[in-house]
Amino acid sequence: MKNLKAIIVEDEEASRVTLNNYLARYCKNVDVLDMADSVKSGLNAIQKHQPDVVFLDIEMPFGNAFDLLESLNDINFEIIFVTAYRDYAIKALNLSAAYYILKPIDIDELINAVNKITERKKEGEDVFHTRILMDNIKSNSLQHKKIVLPQMDGFEVIKVNEIIRAEADDNYTKFYLQGGKTYLVSKTLKHFDELLCEFDFIRVHKSHLVNLHHIAKYIKGKGGQVQMSDDSLVDVSPTRKKELIDKFS
């Protein structure tokens, strides 16, 4: 397989040089064709070189990574986002399973991200995750955003509003969707609690995460239960009862 043609878009010169040096030393299958320091120069470099992968800083002067991507008619390259901040963007990236690395750059994380993209290129996979990310950024409705659920044979893309609830299964999470579909994902419920808490989901029990929009009824008790839109009953922990009730006050 040919080396990956790459571009670095990063406004800080020291960070550009460091990343370029790391790639030259630790990722021999990556050829950096150009480096840019802004949205405008990054856009020009992408259009000129047609890269396989772009290392893209999220926050830059006079715009950000998403402004650059929205300026493109088509995104036919992979992206590894680079950021110094654990901000709103990280949740958007996690939701779409996009690749990102945090500053200061960890060499193992960099190598891992490059290896994953290389593998995907070998398998001929499309740059699907970036398109999901852009769809999510453009969507004004939290419940209409999409989430990527990794599976043994690939991944499933579903709308957040299709998820009725999620249940812990050791280090796995089982998702229950509209229409009776279920998916088992090899990530903990804690991971999805942190990811979906801003999307109208609430942890009602150590083993249960529910979509507020799918709660049909609350049944009183010490903690009580919630009846979901698929008629399933989910136990509510006494310590989480008040938080749930407050959501509907």
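Read the figures in this text as sums done on the coordinates, not as results from a lab. In this text, all values refer to a predicted model and were calculated from it rather than measured experimentally. Cβ sites come from the backbone with ideal geometry, for glycine too, and all protein chains shown count toward neighbours.
So how much slack lies between residue 29 and residue 222, counting 0.36 nm per residue of separation and subtracting their Cα-Cα distance, in nm? It would help to have the intermediate numbers written out before the result.
Numbers: separation 193, 0.36 × 193 = 69.48 nm, distance 5.95 nm.
In short, 63.5 nm is gained.
Cβ under 15 Å from residue 14's Cβ, residue 14 left aside: what net charge do those residues give with Lys, Arg +1 and Asp, Glu -1? Walk me through the intermediate numbers first.
Values: positive: 16, 103; negative: 10, 11, 12, 13, 37, 57.
It works out to a net charge of -4.
Set the Förster distance to 30 Å, then compute FRET efficiency between residue 3 and residue 73 from the Cβ-Cβ distance, nearest 0.05. Show your work: numbers first, answer last.
Numbers: r = 26 Å, r/R0 = 0.87.
Using R0 = 30 Å, I get an efficiency of 0.70.
Between the Cα long axis of helix 128-138 and the first principal axis of the chain there is an angle of about 70°, rounded to the nearest 10. For the chain, the longest principal axis of the alpha carbon atoms and the long axis of helix 107-122 meet at an angle near 90°. Straight-distance candidates among the lysines for linking to residue 2, with alpha-carbon spacing under 21 Å and chain neighbours fewer than 8 residues away dropped: 28, 48, 116, 121, 122. Counting only the backbone N, which residues of segment 210-224 are under 16 Å from the spot 7 Å out from the Cα of residue 242 toward its beta-carbon? Output list for this probe position: 222-224.
Given Cα pairs under 8 Å that are at least 6 residues apart, what percent is the relative contact order of segment 4-137? The partial results should precede the final answer.
Working: 195 pairs, mean separation 30.4, N = 134.
Reported relative contact order: 23 percent.
To the nearest 10 degrees, how steeply does helix 39-49 sit against the main Cα axis of the chain, on a 0 to 90 scale? So the inclination is approximately 70 degrees.
Put a plus charge on the Cβ of each Lys and Arg, a minus charge on the Cβ of each Asp and Glu, and nothing anywhere else: the dipole of segment 156-247 about its Cα centre is then about 360 debye.
Roughly what % antiparallel, to the nearest 5, for the DSSP beta bridges in the chain? Bridges in the chain that DSSP calls antiparallel: roughly 65 percent. Here the convex hull built on the C-alpha positions of the chain has a volume of 142 cubic angstrom per residue.
What shape does segment 63-166 have by the C-alpha gyration tensor, where a ≥ b ≥ c are the square roots of the eigenvalues, rounded means a/c under 1.5, and otherwise prolate means a/b greater than b/c and oblate the rest? Each step should come with its number before you reach the end.
Working: a/c = 1.41, a/b = 1.19, b/c = 1.19.
Here segment 63-166 falls in the rounded category.
Computed over the alpha-carbon pairs of segment 156-247, the distance histogram in 5 Å steps reads 3, 15, 27, 28, 18, 8, 1, 0 percent, short to long.
Looking only at segment 4-137, where both bridge partners belong to it, what percent of the DSSP beta bridges are antiparallel (to the nearest 5)?
Of all bridge pairs located within segment 4-137, approximately 10 percent are antiparallel.
Is there a quick way to get the dipole size of the chain? I mean about its Cα centre, with the Cβ of Lys and Arg at +1 and of Asp and Glu at -1; what is the value in debye to the nearest 20?
On the way: 33 positive and 38 negative charges, 175 e Å.
With only Lys, Arg, Asp and Glu charged at Cβ, the dipole is about 840 debye.
What shape does segment 1-91 take by its C-alpha gyration tensor, where a ≥ b ≥ c are the square roots of the eigenvalues and a/c under 1.5 counts as rounded, a/b above b/c as prolate, and the rest as oblate? Note, shape of segment 1-91 comes out oblate.
Sorted from fewest to most neighbouring beta carbons within 10 Å, what does the list 26, 100 look like? Walk me through the numbers on the way to the answer.
Details: 26 13, 100 19.
Lowest count first: 26, 100.
Under the simplified labelling scheme, the residue 194-residue 120 pair shows an inter-label distance of 2.1 nm, with each label point 7 Å from Cα along Cα→Cβ.
Working note: 222 nm ellipticity from helices only, DSSP H runs with n ≥ 4, each -39,500 (n - 2.57), summed and divided by the residues of the chain, gives -9500 deg cm²/dmol to the nearest 500. Dipole magnitude for segment 4-137: about 280 debye, using +1 per Lys or Arg Cβ and -1 per Asp or Glu Cβ, origin at the Cα centre. Based on C-alpha pairs under 8 angstrom that are at least 6 apart in sequence, segment 156-247 has a relative contact order of 21 percent. Relative contact order of the chain, taken over Cα pairs closer than 8 Å and 6 or more residues apart, is 10 percent. A Förster radius of 25 Å combined with the Cβ-Cβ distance from residue 230 to residue 144 puts the calculated FRET efficiency at roughly 0.80.
Please work out whether segment 115-176 counts as rounded, prolate or oblate from its C-alpha gyration tensor, where a ≥ b ≥ c are the square roots of the eigenvalues and a/c under 1.5 means rounded, while otherwise a/b larger than b/c means prolate and anything else oblate?
Details: a/c = 2.98, a/b = 1.20, b/c = 2.49.
Here segment 115-176 falls in the oblate category.
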